[in-house]
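Participant: The structure is given below, and queries will be raised subsequently.
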Amino acid sequence: MTTTPAHPLPGNGANTPPIYLDNQSTTRLDPRVLEAMLPYFTEHFGNPHSTSHVYGRIAAEAIERARGEVAALISADPREIVFTSGATEANNLAVKGAARFARAHPRDVKTRDHIVTLPTEHKCVLESCAQLEREGFAVTYLPVEPNGLVALDKLAAALTERTLLVSVMAAHNEIGVIQPLAEIGALCRARGVLFHSDAAQAAGKIPLDVEAMHIDLLSISGHKVYGPKGVGALYVRRRPRVRLLPLIDGGGQERGLRSGTLPTPLCVGLGHAAMIAASEMTGEAARLRGLRDRLYQGLARRVPELSLNGDPERRLAGNLNLTFPGIEAPALIEACPTIAISTGSACTSATVEPSYVLRALGLPDTLANSAIRIGLGRFNTAAEADFAVDALAAGAARLTDQSRLQQRGRIPT
Amino acid sequence: MRSGGMPRIETYLDWNASAPLRPQATTAMTEALARCGNASSVHRWGRMARREVERARTAVAALAGASPADVIFVSGGTEANHLALQGPGRQRVLVSAVEHSSVLHAAAAAEQIPVDGDGIVRLDALADLLVANPSPALVSVMLANNETGVMQPVAEIAELAHAHGALFHCDAVQAAGKIVLDAAAFSADLVTLSAHKLGGPPGIGALIANTEVDLTPLLRGGGQERGRRSGTENLPGIAGFAAAAEAAAAEIGVYDRVRALRDALEAEITAIAPDAVVLGAEAPRLPNTAAIAMPGTAAETQVIALDLDGVMVSAGAACSSGKVGPSHVLKAMGVAPDVAGSTIRVSLGWDSTEADVSHFLEAWTALYRRRRGFAEEARAA
């Protein structure tokens, strides 16, 4: 299905870049998306808010088309889509915007100053919540089950009369688990609580329907769905209307929720990426599941003590989070220079601390330190999956041998 | 700049709203868009992206005469202005009355510094405001106005602000790339830049922030940009911004020619129409901007008539050009409402030509004569 040839497999000593298996960190821009974007960088460069002339109108029309494409991906109305600079901004706007609006308009919203989220959420949700705590809001970080999923009865018990918002990630960036969105949505709706879901990893990968799932706010990222970096979107429900205090105010664009000149080519890219993802989702998910299972089974045969973190069934088709007991993940990554993988989320991958997500699943530090994340994506092939099996198995074997030798005192530590 | 599109000639004179992408930026972005990698990942794809981001940071710093460590990449001028005004957490904020709406909205409770008839900040008024209240303030004054091109005495403003323990923020979105910037020379603590106004892509900008200024982030999360702005780095945007910044600095001399074109345009207008007014004409201005009033004809009418003739200008700031209402900038300058309501903004750029100016003058003059004809007929009747 791809229009680009798979890049050559790294050979011995060849200077080809490593195989890209980090698609939860970022994805390659789909060439079809690039093609759709390019004219809006060059000939159609008008400011989309200068609608008094044709340059501006061409840009404005392209943005509205893109808005429709993004809306269609999640069964929303185009008027419910607010373009942002990315999922980080969308999550900040959703969480802080909803809370601060409720505080600023206490008559519209009964005193609701309590937020429920999970300790495994992305940093941008957790940091937004931490900021709200400093502003006097109460936040419950509801522990997850060992498989990474939220227990619905515990969530129901955590909701109080003061609960304003529940924020739960649709599909996880490190462990790939997919939360029971429809059930969470139904629960929130019944209790009059807003439901926000960070769908940066899920949008375009699994079916999302904001109506059926009773989602009130939903965050989308461009560069996680083979679209451009620097753009994202927040879905904001209109009926019943969800109100937010904007983070960025000014010219009044995006119905006053997000001011600033809209980047036409980036919006067009996000729209096109959403359209492609929507039309190819079913087949692509099946293909990725096949590649992922092939990689996992191949590796499990050669690394018997291998274990999978996160629910094995309810997870993103392309995601694996694997523990190699007795091996330090950074050493394994270093031992496998021909593949690009990571220890967890990119934002924090430069830090040496074990993943807070794996800790929240109850993994002891030693095992959390031995986990790597593999993210298969649209441009990966079966040959690359097989190559990754060989690279990881060989790397793991080398490190295991080395540590055995060290234990016997044969080589200096 | 003209587009050779059939069936009519189109002349773009709305450069202050958005400039076309410079070819250097197109090349840099096309290359970056074809690559993959998250600049925060430790693997090779990530490290390559990181190198590109840091190289770009140096280029953008150079445009503003700043140090690379001061550059915080953000999504654009509006976000940068919010971070600048809200990030330092100063209780007291003073902004000039002619600031961009993103500054005015970022600090809704700000006190306004009045301007004179040319739109220049009254230094005496600023000094009075600073003396009247000793609590540490933040002063925000733009380098050049987006509607009139009028430039502020930012070195004096910075000095005054610092003398009273205030921080100084300068929105340089319209000035960058059109005149030589030197943040160090006017010693601003915070400077806002936008890429798409200087030939870079939309969706990327920077706040230049002295590392001694403690900023509370607007967007929290992964801790990118030294914790001052979270979110995956928009690498293609950053690469395009840097390429445009380098090209703009290298080609800044082209604005001598642009100034001559703009001056000729204004001279021609006042020769044709003695009742026409060029706003801020007596003040130091950007070389590319002209705010011209055709008294008696609403700005919207002019913009539509000029658009029908293939000439693209605006009735003021683009963000609000969809709305009808008097410009807060002209109001602050004390411009009479009828004059303010009949003012259009003509803004040129590095590709503007004599032919563009002639096309504009032709269309403007035809409209002017039509309107005057109507007015005379009405009087005769």
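Throughout, read-outs are computed from the coordinates displayed, never taken from laboratory work. Remember, it's a predicted structure, so these values are computed and weren't measured experimentally. With ideal geometry, Cβ positions are generated from the backbone for all residues, glycine too; neighbour counts draw on all protein chains shown.
Participant: Total Lys pairs in the stretch A:31-275 closer than 19 Å by alpha-carbon, pairs eight or more apart in sequence or interchain only?
Facilitator: For the stretch A:31-275, the number of qualifying lysine pairs is 6.
Participant: Here's something else I'd like to know. Convert each backbone phi in the stretch A:188-201 into a coupling constant with the Karplus relation 6.51 cos²θ - 1.76 cosθ + 1.60 (shift: θ = phi - 60°), then list the ³J(HN,Hα) values in order as whole Hz, x for Gly and Pro.
Facilitator: In residue order, the calculated couplings are 4, 4, 5, 9, x, 10, 6, 10, 10, 10, 7, 9, 4, 8 Hz.
Participant: What residues qualify as long-range amide H neighbours of residue A:112, i.e. H under 5 Å apart, gap of 5 or more or another chain, H built at 1.01 Å from N?
Facilitator: Result for residue A:112 returns nothing.
Participant: Something else about it: Measure off 7 Å from each Cα along the Cα-to-Cβ vector at residue B:259 and residue A:75, then give the distance between these two points in nanometres to one decimal.
Facilitator: Here the modelled spin labels are 6.2 nm apart.
Participant: Among DSSP beta bridges lying fully in the stretch A:31-275, give the percent that are antiparallel, nearest 5. Don't jump to the answer; show the numbers that get you there.
Facilitator: Numbers: 10 of 25 bridges.
So the antiparallel bridges amount to about 40 percent of the total.
Participant: What percent does the relative contact order of the stretch B:23-250 come to when contacts are Cα pairs within less than 8 Å and at least six residues apart?
Facilitator: Normalised by residue count, the contact order of the stretch B:23-250 is 29 percent.
Participant: Something else now. Normalized C-alpha radius of gyration of the stretch B:291-381, against 2.2 N^0.38 Å?
Facilitator: Rg over 2.2 N^0.38 Å, computed on Cα atoms: 1.14.
Participant: Right, something else. Can you tell me the convex hull volume per residue for the protein assembly as shown, based on C-alpha atoms, in Å³ to the nearest whole number?
Facilitator: 176 Å³
Participant: Determine which aspartates and glutamates satisfy two conditions relative to residue B:178: a Cα distance under 15 Å, and not lying fewer than 8 residues away in the same chain.
Facilitator: B:14, B:147, B:246, B:251, B:256, B:351
Participant: For a label point 7 angstrom out from the Cα of residue B:354 toward its Cβ, which stretches of the stretch B:230-265 have the backbone nitrogen within less than 15 Å?
Facilitator: Those under the cut-off are B:257-265.
Participant: Just subtract the alpha-carbon distance of residue B:44 and residue B:339 from 0.36 nm times their residue separation and send over the number in nm, one decimal.
Facilitator: 100.2 nm
Participant: Amide H neighbours of residue B:171 under 5 Å, at least 5 residues apart or on other chains, H built in the peptide plane: list them.
Facilitator: Answer set, sorted by chain and number: B:141, B:142, B:143, B:192.
Participant: Determine ³J(HN,Hα), in whole Hz, for all residues of the stretch A:145-154 in sequence, where each value follows from phi through the Karplus function 6.51 cos²θ - 1.76 cosθ + 1.60 and θ = phi - 60°; x replaces Gly and Pro.
Facilitator: Taking θ as phi minus 60°, the curve returns 6, x, 8, x, 8, 7, 8, 5, 5, 5 Hz for the stretch A:145-154.
Participant: Listing B:26, B:289 from the residue with the fewest other Cβ atoms within 10 Å to the one with the most, what is the order?
Facilitator: Working: B:26 19, B:289 25.
Going from sparsest to densest Cβ surroundings: B:26, B:289.
Participant: Can I ask one more? Considering amide H positions built from the backbone, and no H for Pro or chain starts, which residues 5 or more places from residue A:339, or on another chain, come under 5 Å of its amide H?
Facilitator: Placed amide hydrogens put A:19 under 5 Å from residue A:339.
Participant: Residue-wise, which Karplus ³J(HN,Hα) couplings in Hz belong to the stretch B:263-273, taking 6.51 cos²θ - 1.76 cosθ + 1.60, θ = phi - 60°, and x for glycine or proline?
Facilitator: For the stretch B:263-273, the Karplus curve yields 5, 5, 4, 5, 5, 5, 4, 5, 6, 6, 10 Hz.
Participant: I would also like to ask the following. Starting from 0.36 nm per residue, how many nanometres of slack lie between residue A:64 and residue A:107 once their C-alpha separation is accounted for?
Facilitator: Gain on extension, residue A:64 to residue A:107, equals 12.1 nm.
Participant: In addition: Which FRET efficiency value, to the nearest 0.05, is calculated for residue A:161 and residue B:156 with the Förster distance at 56 angstrom and r the Cβ-Cβ distance?
Facilitator: Working: r = 57 Å, r/R0 = 1.01.
Here the calculated transfer efficiency is 0.50.
Participant: Once the Cα atoms of helix B:299-308 and of chain B are each reduced to a long axis, what angle between those two axes, in degrees from 0 to 90 to the nearest 10, is obtained?
Facilitator: That helix lies at roughly 90 degrees to the long axis.
Participant: Across the Cα atoms of the stretch A:31-275, what radius of gyration and what greatest pairwise Cα-Cα distance (Dmax) are found, in Å?
Facilitator: Both quantities, over Cα of the stretch A:31-275: 17.8, 58 Å.
Participant: Let me ask something else. For the stretch B:116-164 and the stretch B:213-282, what is the separation of their Cα centres, given in Å?
Facilitator: What the calculation gives is 20 Å, centre to centre.
Participant: Taking the Cα centre of the stretch A:31-275 as origin and charging only Cβ (+1 Lys, Arg; -1 Asp, Glu), how large is the dipole, in debye to the nearest 20?
Facilitator: For the stretch A:31-275, the charge dipole is close to 560 debye.
Participant: So, one more: Give me the one-decimal nm value for the distance between modelled label points at residue B:51 and residue B:30, 7 Å along each residue's Cα-to-Cβ direction.
Facilitator: 2.3 nm
Participant: Further question on the same structure: What relative contact order, as a whole-number percentage, does the stretch A:31-275 give when Cα pairs under 8 Å and 6 or more residues apart are counted?
Facilitator: Numbers: 495 pairs, mean separation 69.6, N = 245.
Relative contact order, the stretch A:31-275: 28 percent.
Participant: Among rounded, prolate and oblate, which fits chain A when a ≥ b ≥ c are the square roots of the eigenvalues of its C-alpha gyration tensor, a/c under 1.5 means rounded, and a/b larger than b/c means prolate? Display every interim value, and only then the final one.
Facilitator: Working: a/c = 2.19, a/b = 1.35, b/c = 1.62.
Oblate, because a/c is 1.5 or more while a/b does not exceed b/c.
Participant: If you project the alpha carbons of chain B onto their three principal axes, what span does each projection cover, largest first, in Å?
Facilitator: On the principal axes, chain B reaches 77, 56, 33 Å in Cα extent.
Participant: Using only the alpha carbons of the stretch B:23-250, what is the convex hull's orientation-averaged projected area in square nanometres?
Facilitator: 11.6 nm²
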